[in-house]
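The values are calculated or read from the model by the stated rules, or taken from the named source; none is laboratory data. These numbers come from a predicted model, not from an experiment. Neighbour counts run over all protein chains shown; Cβ positions are idealised from the backbone, glycine included.
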Amino acid sequence: MTRRVFVAGLLHETHGFVDDVTPEAAFTRHHGAATLARLGDASQLDGLLAGAREEGWELIPGPPPPPAPWTTPPSLPSAPR
């Protein structure tokens, strides 16, 4: 029986000690078929994809994620008058 595995997301922090700020434009989001196309790109996701292929799993990519919380300004309370 083939296992069906839903791939919803993978996040990896690698620059915790860098003084520079990395803008969101430097990151790439992959979803849908683009997620499965990452096989062979030496990323963390590539490891999951390669293992799934070895095991004969059927991977089901998740839908596009909602906007990242840091890209939406928070609602600020109104100042008292």
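A search for C-beta distances below 7 Å between a residue of segment 16-35 that is assigned to a loop (DSSP other than H, G, I, E, B) and any residue that is modelled with pLDDT of 80 or more and not small (Gly, Ala, Ser), counting only pairs 6+ apart in sequence or on different chains, returns His30/Arg38; His31/Pro61; His31/Pro63; Gly32/Pro61. I'd like the residue in segment 18-47 that is at pLDDT 80 or above and among the polar types (S, T, N, Q) and, out of all such residues, is surrounded by the most Cβ atoms within 10 Å (Cβ to Cβ). Restricting to residues being at pLDDT 80 or above and among the polar types (S, T, N, Q), the top hit is Thr35.
Residues that are in a loop (DSSP other than H, G, I, E, B) and modelled with pLDDT under 65 were ranked within segment 48-77; the one that is nearest to Leu36 (Cα to Cα) is Thr72.
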